[in-house]
1. Please arrange Leu335, Leu84 by accessible surface area, largest first, computed with a 1.4 Å probe and ligands excluded.
2. As an exercise, use a Förster radius of 35 Å and the Cβ-Cβ distance of Ser17 and Arg242 to find the FRET efficiency, rounded to the nearest 0.05.
3. Suppose the chain between Gln37 and Arg322 were pulled fully straight at 0.36 nm per residue; how much longer would it get relative to their current alpha carbon spacing?
4. ³J(HN,Hα) across region 170-175 via Karplus (A = 6.51, B = -1.76, C = 1.60, θ = phi - 60°), whole Hz, x for Gly/Pro?
5. Would you check the accessible area of Arg191, probe 1.4 Å, heavy atoms only, in square angstrom rounded to 10?
Amino acid sequence: MWKLHRYYLKEVLINASIIFLVLTVVVLVASIYRGIQRSQGGGPLDALLIIVLFALDLFQHLLTISFLLATVMTFTRAAQDRELTAIRAAGISPRVPMTSALLVGLFLTALGSFAMHYVIPEVHFRKFRVIADIVRSAFLSLNLGTDRLKLFDSGFVMTWRAREGEDYRQCTIYMPKVYGELRSPIIYVDRVSMPPPTDKSQDVSIELSGVTDPIAGVSNPGPFRFVIPIGDIAGRDRRDDRDDDVRSDQLLAEVIRGVHRKPYEATYTLFRRCCFSLMPAVVAPIGYCLAELARERGRVTALLMALVPLVLFYLGEVLGARFLLSTKQPAFAWLPMVLLAAFGLPLCWRQLRR
């Protein structure tokens, strides 16, 4: 039996690798525009990093889709070549060739489980964190050869006559947003100290000395100290951390200790990750049975039929999220598996006992 397992195991792995590679290239190409847009203020390497991180965030989806299509293609070819018919005629159960796909599915489930619980949350966090790093690096080299500095979407614009290290002399500042004790949008400042943000700080600290309000005709030696949050500088690219950015062990610890603000959402995220991790092992027998069912209809029909479990799974994903908002029951994270089981169990029962 091992020779039969090895024969189909090799074909499934080769087909899955080719499909996974093609889908990954498609995702990378589709992410180029997004990477360029989100890396404004950075360099080509920043754009490339964003593109790669967005592609890695879809790893589990690409892995499962590639494996399902590879399983359907492999056993549709075997069914059309009458190999599966010959196996049945020899008295061998159809579960024997299906075991090859099931072994690959179990391996991908273990790999996907590690990725979903530990790797992808870090990737999901990093792909939005790149923006803050770009803003920091851009700040360090902003307009060093000119007398004008603008902090992106915050609207803060400053011009100066002389510069001494981190200090700017005889400055004119336009601030549409009020910071601290300052009330006028346009002020004259004798000295502005603006050290660059560090790795530990996400705010730009500013100190003004010798402030003059030309509109009100008021002078104040100061100093005035205030900060501009990185969210004001990064503008629309700012994003708060979410459960998707936290590893499963940390998320579970927060729920057990009772420190999570919305434990039902954290539990839903944990269940959702488990659901995605189990998907390769679940679609393995479904893909085999769809291939046998489409024996007389061709490979194109078989691939179209393979879209049915995918549509059901992602439909359950959307509906589960909607039901969570209305009921606050994290068990709805398993709805994709319920729909997949409702479709796959009758199909596998019919095909494997035929």
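The values are calculated or read from the model by the stated rules, or taken from the named source; none is laboratory data. Computed from a predicted structure; not experimentally measured. Positions of Cβ are generated from backbone atoms using ideal geometry, with glycine treated the same way; all protein chains shown enter the neighbour counts. Just the protein is used for accessible areas: all its heavy atoms, side chains included, with ligands, DNA and RNA removed. Shrake-Rupley method; radii C 1.70, N 1.55, O 1.52, S 1.80 Å.
1. Numbers: Leu335 35, Leu84 10 Å².
Accessible-area ranking of Leu335, Leu84, largest first: Leu335, Leu84.
2. The formula returns an efficiency of 0.60 here.
3. On the way: separation 285, 0.36 × 285 = 102.60 nm, distance 3.03 nm.
So the chain would gain 99.6 nm between Gln37 and Arg322.
4. Each residue's phi maps through the Karplus curve to give 6, 9, 10, 10, 10, 10 Hz.
5. We get 50 Å² for Arg191.
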